[in-house]
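Novice: Mind having a look at this structure? Questions to follow.
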């Protein structure tokens, strides 16, 4: 099993409205949710990334 690619993680965060990706910027639009996800990821790096998500 592979770790999720950074671009996939960024696109997921953008889709969920947590960040906004511009030409050369990444804006945090929901700092609380980003913080919550960071804590969850630290506890379980695979949280939210089932093998079917890597297709």
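Novice: Could you list all residues from segment 1-17 that are without any contact (Cβ under 8 Å) to a residue 40 or more places away in the chain and not in a helix (DSSP H, G or I)?
Specialist: Matches in segment 1-17: 5, 16, 17.
Novice: Modelled with pLDDT under 95 and at negative phi: does that describe residue 44? Reasoning before the result, please.
Specialist: On the way: modelled with pLDDT under 95: yes; at negative phi: yes.
So residue 44 passes the test.
Novice: Suppose we keep only residues that are assigned to a loop (DSSP other than H, G, I, E, B) and either surrounded by 10 or more Cβ atoms within 10 Å (Cβ to Cβ) or in contact (Cβ under 8 Å) with a residue 12 or more places away in the chain (or both) within segment 18-35. Which one would you say is nearest to the chain's Cα centre (by Cα)?
Specialist: 18
The values are calculated or read from the model by the stated rules, or taken from the named source; none is laboratory data. Note that the structure is a prediction, hence the values are computed from the model and not measured. Methodologically, a virtual Cβ is constructed for each residue, glycine included, from the backbone with ideal geometry; neighbour enumeration extends over all protein chains shown.
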